1. Look through segment 357-367, keep the residues that are over 20 Å from Arg285 (Cα atoms) and more than 11 Å from the ligand (Cβ to nearest atom), and return whichever of them is surrounded by the fewest Cβ atoms within 10 Å (Cβ to Cβ).
2. Between Glu41, Glu27, which is assigned to a loop (DSSP other than H, G, I, E, B) and in contact (Cβ under 8 Å) with a residue 40 or more places away in the chain?
3. Could you grab me the full set of residues in segment 152-202 that are within 16 Å of the ligand (Cβ to nearest atom), touching a residue at least 60 places away in the same chain (Cβ under 8 Å) and under 22 Å from Phe238 (Cα atoms)?
4. Looking at Glu231, Glu299, Glu261 in this structure, which one is surrounded by fewer than 16 Cβ atoms within 10 Å (Cβ to Cβ) and not in a loop (DSSP other than H, G, I, E, B)?
5. Would you pick out the residues in segment 10-26 that are surrounded by 10 or more Cβ atoms within 10 Å (Cβ to Cβ) and out of contact with any Gly (no Cβ under 9 Å at 6 or more places or on another chain)?
6. Restricting segment 195-223 to residues that are assigned to a loop (DSSP other than H, G, I, E, B) and over 21 Å from Thr262 (Cα atoms), which is farthest from the chain's Cα centre (by Cα)?
7. Could you tell me whether any residue of segment 140-148 is within 17 Å of Arg202 (Cβ to Cβ), part of a helix (DSSP H, G or I) and in contact with a helix residue (DSSP H, G or I) (Cβ under 8 Å, 6 or more places away or on another chain)?
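The values are calculated or read from the model by the stated rules, or taken from the named source; none is laboratory data. Just so it is clear, the model here is predicted, and its values are computed rather than measured. Virtual Cβ from ideal backbone geometry, glycine too; neighbours counted across all protein chains shown.
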Amino acid sequence: MAKIVCVLYDDPVDGYPQSYARDSIPEIRVYPDGQTAPPPEAIDFVPGHLLGSVSGELGLRKFLEARGHTLIVTSDKDGEGCELDRHLHDADIVISQPFWPAYLTRERIAKAPRLKLALTAGIGSDHVDLQAAMERGITVAEITYCNSISVAEHVVMMILGLVRNYIPSYQWVVKGGWNIADCVARSYDLEGMQVGTVAAGRIGLAVLKRLQPFDVQLHYTDRHRLAPEVERELNLTFHPTVESMIRVCDVVTINCPLHPETEHMFDEVMLAKMKRGAYIINTARGKICDRDAIASALESGQLAGYAGDVWFPQPAPQDHPWRSMPYHGMTPHISGTSLSAQARYAAGVREVLECWFDGRPIREEYLIVDGGKLAGMGAHSYSEGDATGGSEEAARFKKTA
Ligand code: NDP
């Protein structure tokens, strides 16, 4: 029988919800490219309920315990003696969400001799040292597409929020003011702007499609080019390099995975090549941007705004400069964990576990590492190596409530 350690974020400060704002969520059966949403044999949760926090348990307990497995659920994942570390010595499977990542570094993997499966309840497995996982023969899988559209919606919201100066204007209302000039002194229309995405995968392409009706000029760069009919339909300009794209863009949205090739892609040198007053929206991974270079570019005016929901490490320490830098629209890592998304990735986790325990193959599109090498989606979108360096800094975060 297996021991499964599931690392989830804390419940709301006022307790696990007893009721919800809405009674149901739309059921998405098929994603835009035809991939089916997860069809596990059964689910033991109510879609639309909070599943990603500790008490939600991703709806897994009944299923796992009925099969005789042991499920440990904890949010205590960082620092000496944390609960995650205490369970690694006999854990067979570790499940983690990117929003509150259990960093599976080489050191932690060495402490987990039985670990066979690192499962990401979401998309993006950069919190696992993929190189160490390959060397140890650990399978790494994620729930591809489960929250790609959730993120794309968030990106569009954040682009508009920054360009139109929404958050400071909202704050004037809350403060009791009517300071129109203060609000509009940094407010523009998106119409007519040059907008580009770094990567046109599931999220990047969905962002492009959603932005087309805004009458902007759309750009993208990616390792693989989109089909000519897609480029024509969206009137896309392809750039072979990130540098070529960012030179012409007013708004840049980052939608590639974090792997050694993309780590610190947006450093001081790259930022200096952008148009003065450009905006960056990064919902991909914090480490794709250099922390201090972003803060400096906002202070100097090289960037007019930066928004996103991804940080490094997570949770971000209280003194992380992105909490206090000017003209930012940062939130905690939330875009891919709406209640709608949780229902899909909880079902996807259940689907993967059913396959794993029944000896059936995991869907190819869910695989990142398998058989000692990058596999499935991982082979397409990642590069070998490790992007977890520095993750121990997450232990510096102090709970405020
Ligand atoms: P996809 O795999 O569909 O898309 C990723 C794209 O990135 C692929 O088209 C890939 O290219 C491209 N890419 C990889 N490396 C590079 C590079 N060096 N330069 C340019 N493009 C590159 O994944 P999704 O769109 O669903 O998700 C993308 C990322 O977004 C995830 O990996 C994750 O980090 C993040 N994410 C964030 C969430 C949040 O809550 N904030 C939730 C979900 C995802 P190709 O495959 O053509 O080689």
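1. If we take residues in segment 357-367 being over 20 Å from Arg285 (Cα atoms) and more than 11 Å from the ligand (Cβ to nearest atom), then Gly359 is surrounded by the fewest Cβ atoms within 10 Å (Cβ to Cβ).
2. Going through Glu41, Glu27 in turn, the sole match is Glu41.
3. Val155, Ile159, Val198, Ala199, Gly201, Arg202
4. Only one candidate qualifies: Glu299.
5. Of everything in segment 10-26, those that are surrounded by 10 or more Cβ atoms within 10 Å (Cβ to Cβ) and out of contact with any Gly (no Cβ under 9 Å at 6 or more places or on another chain) turn out to be Asp10, Pro12, Pro17.
6. Start the filter on segment 195-223 by keeping residues that are assigned to a loop (DSSP other than H, G, I, E, B), which leaves 199-201, 215-216, 222-223.
Cutting the leftovers down to over 21 Å from Thr262 (Cα atoms) gives us 215-216.
Details: Asp215: 28, Val216: 25 Å.
Among residues in segment 195-223 that are assigned to a loop (DSSP other than H, G, I, E, B) and over 21 Å from Thr262 (Cα atoms), the one farthest from the chain's Cα centre (by Cα) is Asp215.
7. The answer is yes, given that some residue of segment 140-148 is within 17 Å of Arg202 (Cβ to Cβ), part of a helix (DSSP H, G or I) and in contact with a helix residue (DSSP H, G or I) (Cβ under 8 Å, 6 or more places away or on another chain).
So that you can scan it fast, the table gives a plain yes or no per residue for (1) free of Cβ contacts under 8 Å to residues at least 24 places away in the same chain; (2) not in a helix (DSSP H, G or I):
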| residue | (1), (2) |
| --- | --- |
| Tyr306 | no, yes |
| Val310 | no, yes |
| Pro315 | no, yes |
| Trp322 | no, no |
| Pro326 | no, yes |
| Ser340 | no, no |
| Ala347 | no, no |
| Pro361 | yes, yes |
| Glu365 | no, no |
